[in-house]
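To start, the structure itself, in C-alpha coordinates.
The values are calculated or read from the model by the stated rules, or taken from the named source; none is laboratory data. Keep in mind that what you see is a predicted model, and the values were worked out from it rather than measured. In this analysis, Cβ positions are derived from the backbone assuming ideal geometry, glycine residues included, and neighbour counts consider all displayed protein chains. Ligands, DNA and RNA are stripped out before the accessible areas are found, and what is left, the full protein with its side chains, is counted by its heavy atoms. Shrake-Rupley method; radii C 1.70, N 1.55, O 1.52, S 1.80 Å.
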Amino acid sequence: MTRRYDPDRRQRIIDAAIRVVGRSGIAGLSHRTVAAEADVPLGSTTYHFASLDELLIAALRQANEGFATAVRESGALADPDCDIAAELARITGEWLGGERTGVELEYELYLAALRRPALRPVAAEWGDGVAEALARRTDPVTARALVALLDGICLQVLLTDAVYDADDARDLLARLIP
(Lines give C-alpha, C1' and ligand atoms only; values in the text may rest on other atoms or scores of the structure.)
Protein backbone atom coordinates (compact mmCIF):
# COMPACT_ATOMS: atom_id res chain seq x y z
CA MET A 1 0.00 0.00 0.00
CA THR A 2 1.59 3.32 -1.06
CA ARG A 3 1.01 6.37 1.08
CA ARG A 4 2.85 9.52 0.09
CA TYR A 5 1.59 11.66 2.95
CA ASP A 6 0.98 9.53 6.00
CA PRO A 7 1.19 11.49 9.26
CA ASP A 8 -0.04 8.47 11.25
CA ARG A 9 2.58 6.06 9.95
CA ARG A 10 4.92 6.39 12.94
CA GLN A 11 2.06 5.63 15.33
CA ARG A 12 0.92 2.67 13.24
CA ILE A 13 4.46 1.30 13.41
CA ILE A 14 4.48 1.63 17.22
CA ASP A 15 1.06 -0.04 17.45
CA ALA A 16 2.29 -2.83 15.16
CA ALA A 17 5.38 -3.34 17.33
CA ILE A 18 3.16 -3.71 20.39
CA ARG A 19 1.02 -6.30 18.58
CA VAL A 20 4.12 -8.22 17.44
CA VAL A 21 5.56 -8.29 20.97
CA GLY A 22 2.16 -9.27 22.34
CA ARG A 23 1.93 -12.17 19.93
CA SER A 24 5.56 -13.31 19.59
CA GLY A 25 7.47 -11.72 22.44
CA ILE A 26 10.42 -9.40 22.09
CA ALA A 27 12.36 -12.16 20.36
CA GLY A 28 9.86 -11.96 17.48
CA LEU A 29 10.38 -8.23 16.99
CA SER A 30 12.26 -7.08 13.92
CA HIS A 31 11.92 -4.21 11.51
CA ARG A 32 10.62 -6.73 8.99
CA THR A 33 7.92 -8.23 11.25
CA VAL A 34 6.77 -4.77 12.32
CA ALA A 35 6.66 -3.50 8.72
CA ALA A 36 4.53 -6.48 7.72
CA GLU A 37 2.21 -6.00 10.70
CA ALA A 38 1.85 -2.26 10.04
CA ASP A 39 1.46 -2.79 6.29
CA VAL A 40 4.23 -0.30 5.53
CA PRO A 41 7.44 -0.64 3.53
CA LEU A 42 10.42 -1.93 5.50
CA GLY A 43 12.20 1.38 4.90
CA SER A 44 9.47 3.19 6.85
CA THR A 45 10.30 1.34 10.04
CA THR A 46 13.99 2.14 9.76
CA TYR A 47 13.23 5.74 8.77
CA HIS A 48 11.19 6.33 11.93
CA PHE A 49 13.23 4.02 14.19
CA ALA A 50 16.89 3.55 13.28
CA SER A 51 17.27 0.71 15.79
CA LEU A 52 15.01 -1.84 17.44
CA ASP A 53 15.83 -0.22 20.78
CA GLU A 54 14.35 3.06 19.52
CA LEU A 55 11.21 1.18 18.49
CA LEU A 56 11.06 -0.64 21.83
CA ILE A 57 11.44 2.67 23.67
CA ALA A 58 8.45 4.09 21.82
CA ALA A 59 6.43 0.91 22.43
CA LEU A 60 7.36 0.80 26.13
CA ARG A 61 6.51 4.47 26.58
CA GLN A 62 3.07 3.85 25.07
CA ALA A 63 2.46 0.59 26.96
CA ASN A 64 3.48 2.19 30.28
CA GLU A 65 0.47 4.45 30.14
CA GLY A 66 -2.07 1.85 31.30
CA PHE A 67 -1.54 1.64 35.05
CA ALA A 68 0.08 5.05 35.48
CA THR A 69 -2.87 6.74 33.79
CA ALA A 70 -5.34 4.88 36.01
CA VAL A 71 -3.50 6.13 39.10
CA ARG A 72 -3.18 9.71 37.83
CA GLU A 73 -6.83 9.87 36.81
CA SER A 74 -8.26 8.35 39.96
CA GLY A 75 -10.61 10.92 41.33
CA ALA A 76 -10.75 9.05 44.61
CA LEU A 77 -7.01 9.51 45.21
CA ALA A 78 -7.53 13.26 44.99
CA ASP A 79 -10.06 13.09 47.84
CA PRO A 80 -8.28 13.76 51.17
CA ASP A 81 -10.66 11.33 52.91
CA CYS A 82 -9.86 8.51 50.49
CA ASP A 83 -8.47 5.25 51.82
CA ILE A 84 -5.33 5.29 49.64
CA ALA A 85 -4.57 1.61 50.21
CA ALA A 86 -8.10 0.55 49.25
CA GLU A 87 -8.10 2.74 46.14
CA LEU A 88 -4.70 1.46 44.98
CA ALA A 89 -5.86 -2.12 45.58
CA ARG A 90 -9.00 -1.41 43.53
CA ILE A 91 -7.06 0.18 40.64
CA THR A 92 -4.55 -2.68 40.64
CA GLY A 93 -7.36 -5.24 40.61
CA GLU A 94 -9.07 -3.54 37.68
CA TRP A 95 -5.79 -3.33 35.77
CA LEU A 96 -4.83 -6.95 36.42
CA GLY A 97 -8.40 -8.08 35.79
CA GLY A 98 -8.52 -6.37 32.42
CA GLU A 99 -7.17 -7.71 29.18
CA ARG A 100 -4.36 -10.02 30.38
CA THR A 101 -2.37 -9.79 27.14
CA GLY A 102 -2.02 -6.03 27.56
CA VAL A 103 -0.83 -6.34 31.15
CA GLU A 104 1.66 -9.07 30.23
CA LEU A 105 2.87 -7.00 27.30
CA GLU A 106 3.39 -3.96 29.50
CA TYR A 107 5.52 -6.04 31.89
CA GLU A 108 7.40 -7.81 29.10
CA LEU A 109 8.44 -4.46 27.67
CA TYR A 110 9.20 -3.15 31.16
CA LEU A 111 11.39 -6.17 31.99
CA ALA A 112 13.20 -5.97 28.66
CA ALA A 113 15.15 -3.15 30.27
CA LEU A 114 17.09 -5.81 32.18
CA ARG A 115 18.94 -6.76 28.99
CA ARG A 116 18.54 -3.54 27.02
CA PRO A 117 20.06 -0.59 28.89
CA ALA A 118 18.54 1.89 26.42
CA LEU A 119 15.11 0.98 27.82
CA ARG A 120 15.98 1.63 31.46
CA PRO A 121 15.17 5.34 31.55
CA VAL A 122 11.77 4.67 29.97
CA ALA A 123 11.10 1.78 32.36
CA ALA A 124 11.90 4.15 35.23
CA GLU A 125 9.33 6.63 33.89
CA TRP A 126 6.55 4.23 34.90
CA GLY A 127 7.58 4.13 38.55
CA ASP A 128 8.41 7.82 38.59
CA GLY A 129 5.02 8.73 37.15
CA VAL A 130 3.08 6.60 39.62
CA ALA A 131 5.23 7.80 42.53
CA GLU A 132 4.70 11.42 41.52
CA ALA A 133 0.94 10.92 41.53
CA LEU A 134 1.05 9.18 44.93
CA ALA A 135 3.39 11.76 46.46
CA ARG A 136 0.51 14.24 46.29
CA ARG A 137 -1.12 12.19 49.07
CA THR A 138 1.92 10.79 50.87
CA ASP A 139 5.56 11.72 51.21
CA PRO A 140 7.97 10.89 48.34
CA VAL A 141 9.61 7.97 50.18
CA THR A 142 6.28 6.35 50.98
CA ALA A 143 5.18 6.90 47.40
CA ARG A 144 8.28 5.02 46.11
CA ALA A 145 7.68 2.22 48.62
CA LEU A 146 4.07 1.90 47.43
CA VAL A 147 5.25 1.72 43.81
CA ALA A 148 7.77 -1.00 44.69
CA LEU A 149 5.10 -3.01 46.50
CA LEU A 150 2.57 -2.61 43.70
CA ASP A 151 5.22 -3.67 41.21
CA GLY A 152 5.99 -6.77 43.27
CA ILE A 153 2.32 -7.68 43.70
CA CYS A 154 1.73 -7.36 39.95
CA LEU A 155 4.80 -9.42 39.09
CA GLN A 156 3.77 -12.18 41.50
CA VAL A 157 0.28 -12.36 40.04
CA LEU A 158 1.60 -12.43 36.48
CA LEU A 159 4.43 -14.89 37.07
CA THR A 160 2.59 -17.36 39.28
CA ASP A 161 -0.90 -17.13 37.77
CA ALA A 162 -2.08 -16.38 41.29
CA VAL A 163 -5.50 -14.85 41.75
CA TYR A 164 -5.22 -11.21 42.72
CA ASP A 165 -6.53 -10.68 46.25
CA ALA A 166 -7.61 -7.05 46.67
CA ASP A 167 -8.09 -7.39 50.44
CA ASP A 168 -4.59 -8.79 50.88
CA ALA A 169 -3.14 -6.06 48.64
CA ARG A 170 -5.01 -3.41 50.63
CA ASP A 171 -3.63 -4.77 53.90
CA LEU A 172 -0.06 -4.81 52.53
CA LEU A 173 -0.36 -1.31 51.10
CA ALA A 174 -1.87 0.05 54.32
CA ARG A 175 1.22 -1.07 56.27
CA LEU A 176 3.32 1.38 54.26
CA ILE A 177 1.05 4.39 54.65
CA PRO A 178 1.67 6.45 57.81
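Just the accessible area per residue of the chain, please: how many Å² with a 1.4 Å probe? Ligands and nucleic acids excluded, the result is 53 Å² per residue. Hey, quick one: spin label on Asp168, modelled 7 Å out along Cα-Cβ, who in the range 74-96 has an amide N within reach, i.e. under 14 Å? Counting only backbone N, you get 93.
What number does the range 55-95 give for Rg over Rh if you use C-alpha atoms and the Kirkwood radius?
Rg/Rh: 1.12.
Divide the volume of the convex hull around the Cα atoms of the range 46-178 by the residue count and you get 109 Å³ per residue.
With a 1.4 Å probe and all protein chains left in place, how much of the accessible area of the chain comes from carbon and sulfur atoms, in whole percent?
Working: 5060 of 9460 Å².
Within the chain, the accessible surface is 53 percent carbon and sulfur.
Which length gain, in nm to one decimal place, applies between Glu73 and Thr46 when the Cα-Cα distance is subtracted from 0.36 nm times their residue separation? That pair, Glu73 and Thr46, stretches by 6.2 nm at full extension. In plain terms, the chain from Val141 to Glu94 could stretch by 14.4 nm, reckoned as 0.36 nm per residue minus the Cα-Cα distance.
Taking label positions 7 Å along the Cα-Cβ direction at both Asp83 and Arg32, the computed distance is 5.5 nm, reported to one decimal.
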